[in-house]
Amino acid sequence: MMLGSGRGTRDASLIQWRSAAASGDRRAMLALGRLFVQGLGAPQDYVEAHKWLNLAASRGADAALKERDGLAAKMTAEQVATLITRRIRVASTRNLEP
């Protein structure tokens, strides 16, 4: 799936990728991670990018693992803190360890 040149096409692609990622598609998760790293079709967001790259990596996408680690090295302390806070929040709603 690729983002089109028009705004409507980009929005539709983003919706499709989110849907596929929610269904466990690691390629869609990787695509979303890259989208948020680059700010293509959505605002650049390293925290959101890290989330999607981490999910893709946890499902066996080797490229996502390398990209996630590279991204982590670029993240500010504030971004890392936001990431940790989000993970704790998600874990607590699922009664899991962060």
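Here are the numbers for the structure shown:
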read-out	value
Flag for Leu53 being closer than 17 Å to Ala21 by Cβ, of a type in the set (A, V, I, L, M, F, W, C), surrounded by 13 or more Cβ atoms within 10 Å (Cβ to Cβ) and in contact with a helix residue (DSSP H, G or I) (Cβ under 9 Å, 6 or more places away or on another chain)	yes
Residue match in segment 47-54 (condition: among the aliphatic types (A, V, I, L, M), modelled with pLDDT of 95 or more and within 14 Å of Leu14 (Cβ to Cβ))	yes
Selection status of Ala73, surrounded by 15 or more Cβ atoms within 10 Å (Cβ to Cβ), of a type in the set (A, V, I, L, M) and assigned to a helix (DSSP H, G or I)	no
Which numbered condition Leu40 fails, given (1) assigned to a loop (DSSP other than H, G, I, E, B); (2) of a type in the set (A, V, I, L, M); (3) under 9 Å from the mean Cα position of the chain (by Cα)	(3)
Residues of segment 10-37 classified as in a helix (DSSP H, G or I) and more than 13 Å from Ala63 (Cβ to Cβ), total	17
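The values are calculated or read from the model by the stated rules, or taken from the named source; none is laboratory data. Since we're looking at a predicted model, the values are computed, not measured. When we count neighbours, we look across all protein chains shown, and the Cβ atoms used for this are built from the backbone with ideal geometry, even at glycine.
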